[in-house]
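Peer 1: Got a structure for you, written out below as C-alpha cells; questions coming shortly.
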Amino acid sequence: NIMNSFIFRFAPSPTGDLHLGHAYSAFCAWQAAGASSANFKLRIDDLDFTRCKDDYSERQIEDLKWLGLSWDEAPLYQSQRLGRYQEALAELKDRALIYPCLLTRSEVRQILSAPQADGSLRHAITASETEKRLEKGTQPAWRLDMERIKKITPELTWHDENYGLQIVDLHKIGDAVIARRDIGASYHLSVVFYYADSSIDIVVRGRDLLADTAIHRLLQFLFDLPTPR
Ligand code: GLU
C-alpha cells in the first residue's frame, strides 16, 4: 500500500497543556499515517518565546505517548532552526519581496479598517517617520510586499482532500507578517522550510489553518519548495 510510505506530522505549540483539539488532530494524523512511528513526525512549534514553555512541550509529549502515539525520529524544535529561517528572511529582503513595517498594532487596525483600504500598509507612513522610529530603536516587523508579489505570481492552487481545489487569493493574504519584530521569523516562514527539510508528504490539521495554507502555498512558490498535500 503506497499510503504506507507517506510522511505525516503533528505540530503543537507548547503554550499550554495538550487539549482535546490537539489530541483529535494528532490522532487523525496518526491514523492517516497508518499508526506507524516511521511515518509520523513531531514538530514543536516553539518559535514564539513569549508564549511557549519547555515544561509544556514535555507534558504534551508525555500525553501524546500516553495516547499511544509514537515517532521514530526525535521531535524537531522550531526554535533550534531559527538560523535557517533567518537565512530565508534575508533572501526575501534581497529580492525586495518584503519590507520593514514600523506601524503599531492599532495603526494597522485603523488603516485596514478605513473604507478606502486596499490591504496595503506599505505607504502608510512617510519615509521620514519610518526613519524616526528606526532611530528610536523600534524593531521592524517584515511584511510581504504584495504590490510587487502580485506582479510575479501566477495563479496558485493546492488540493485539499476535504475542501477540494483551493485557489490562492493574493488580495486576501495582503501584506502578511513574515517575520515578527520580536522573533525575526514566523510560523508561516518556518513551516514551508520544515515541510521541505523533513520530507512531509501530507499535512493533516485543523480547519482553522485552511486560510493560512494560502500563505504557505505562496511562500512555496517564491522559494520553489514542494507543496505537500
Ligand atoms: N502549531 C500550530 C498550531 O498548533 C500550527 C500547527 C500546524 O501547522 O499544524 O496551531
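What follows draws every value from the coordinates through simple rules; no lab data is involved. Since this is a predicted model, take the numbers as computed values, not measurements. All Cβ positions, glycine included, derive from the backbone under ideal geometry; neighbour counts span all protein chains shown.
Peer 1: Set the Förster radius R0 to 30 Å, insert the Cβ-Cβ distance between residue 95 and residue 66 as r into 1/(1 + (r/R0)^6), and round the FRET efficiency to 0.05.
Peer 2: Here the calculated transfer efficiency is 0.05.
Peer 1: Would you work out if region 61-107 is rounded, prolate or oblate? Take a ≥ b ≥ c from the square roots of the eigenvalues of the alpha-carbon gyration tensor; rounded if a/c is under 1.5, else prolate when a/b is larger than b/c, oblate otherwise.
Peer 2: It is oblate, given that a/c is not under 1.5 and a/b is not larger than b/c.
Peer 1: How large is the Kirkwood hydrodynamic radius of the chain, in angstrom, based on all distinct alpha carbon pairs?
Peer 2: 19.1 Å
Peer 1: Could you rank the peptides 172-185, 154-167 by their average count of other C-beta atoms within 10 Å per residue, with the highest value first?
Peer 2: Final packing ranking: 172-185, 154-167.
Peer 1: Could you tell me the convex hull volume per residue, in Å³, taken over the Cα atoms of region 32-143?
Peer 2: Dividing the Cα hull volume of region 32-143 by its residue count gives 192 Å³.
Peer 1: Antiparallel as a % of all DSSP beta bridges within the chain, to the nearest 5?
Peer 2: Here the share of antiparallel DSSP bridges comes out near 65 percent.
Peer 1: Mind checking which lysines have their C-alpha under 16 Å from residue 172, skipping anything on the same chain fewer than 8 residues away?
Peer 2: Result set, ordered by chain and number: 150, 151.
Peer 1: Quick check: net charge around residue 204, other residues with Cβ under 10 Å of its Cβ, Lys/Arg +1 and Asp/Glu -1?
Peer 2: +2
Peer 1: Which value in Å does the Kirkwood hydrodynamic radius of region 31-77 take, with 1/r averaged over all unlike C-alpha pairs and then inverted?
Peer 2: 11.6 Å
Peer 1: While we're looking at this one, here's another question. To test your reading of the geometry: what angle, between 0 and 90 degrees and rounded to tens, separates the Cα axis of helix 187-197 from the longest principal axis of the chain?
Peer 2: In the chain, helix 187-197 runs at an angle near 50 degrees to the longest axis.
Peer 1: Helix 82-94 versus the longest principal axis of the chain: what angle, 0 to 90°, nearest 10, using Cα atoms?
Peer 2: It is inclined by approximately 40 degrees.
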